[in-house]
Structure formats: C-alpha cells, structure tokens
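Report on the structure given below.
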C-alpha cells in the first residue's frame, strides 16, 4: 500500500523505483529502495555467469568450495559459474569490466573473529551494477566450510541477508547460529531485523 493505493511491484525489479507522489502533480518524484525479502536467494538470479572469487594463492579448501558451488549451480539450476582469483576481479573492476552478474567471494580474512572457527555469510551490494549483488563467505577453513553449507542452492529455503555460525554447527546445526538478520534500506544494519549473540 502506498498512500492508500495498492501497488504491485514485480519480483524481478530491484534497485530504486521512482513513483510519483499521488495527489500532488507539482511535487518532485520520490525514490524508494526496493529489496526482496529472503534476499540471499537472489544470488541465484544472475544476469551473467556467477563469478566465484578465490584468493590469489588459491588455497585448496577455498577452491574446493568454489568448485562445489559451480558444480551444484550447473547440476541443479543449469547456471554457469566462473572461478577467478581476487587480483583478476580487482583488475576487471578497475578496467570497468567486472561482470554484471552476481559475485561470490570465498576467503579467509586472516583476522580474528570472537571464535576462530566462526564463519560469516552475508550479502552486499554489487560494486558497479545496481541489479546485482555480492555474497561473501568468510572465516577460517572450518568456518568457511560451515557457511558454505548455507549457500542457497535450493530456492525454497529462506536464508536472511547475513548469518554468523559457530563451531557447534557440526553438532547442533541451526542451534549454532550466533547472529542473523536482514539489512535495511541502502544495505545498512537494521536493529529491528537483526540479532547478534
């Protein structure tokens, strides 16, 4: 509902939507950010092959996860994936040749989490294309493995915009989630839609 009128917006529309203010023809138009709920699944709706970015030294574990994701995308969705090094992604970005498709970054940030075996998976806006996004999977080897299991291969399983998973995920599954939530407008933290232990 907008100003008492039903507004239907197709699911495939993302980014800014410009709507005229109703009842006042002389006023400027207002912009509304539109984001889909259950947005982590939007990584599967890509305008080009999914770009999987691994560190330059290509650790075997990160490469294994990228290969598994690319395989599953092909088997279950017939989606193409391209695995590249982070330096190649940066070069393409500087030359303005970064893919208009969604991007998945898989890496160990070499920084400390509260628990070294934690992993985090979260969405972020695409750096150059407003209708695409990025998905980051960060943590040490065990943390990345845990969050890779949360990659939304199945479209019917809803996953929030971000999740933090601890070491207990191997024993108690979803009970090991130590943080989760959705992001607000303009990809910012939303107190009402987020929880962190």
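Here, each number is a calculation from the coordinates, and none is a lab measurement. All figures in this text were calculated on a predicted structure; none of them were measured in a lab.
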**Message:** Quick check: residue separation of residue 78 and residue 130 times 0.36 nm, minus the Cα distance between them. What number comes out in nm?
**Reply:** 16.3 nm
**Complete:** Projected onto their principal axes, the Cα atoms of region 115-192 stretch, largest extent first, over whole-Å spans of 38, 28, 26
**Fill in**
Restricting to Cα pairs under 8 Å and 6 or more apart, the percent relative contact order of region 35-185 works out to 25 percent
**region 39-196: antiparallel DSSP beta bridges as a percent of all, rounded to 5** = 60 percent
**Message:** I need the per residue convex hull volume for region 39-196, using only the alpha carbons, in cubic angstrom as a whole number.
**Reply:** 115 Å³
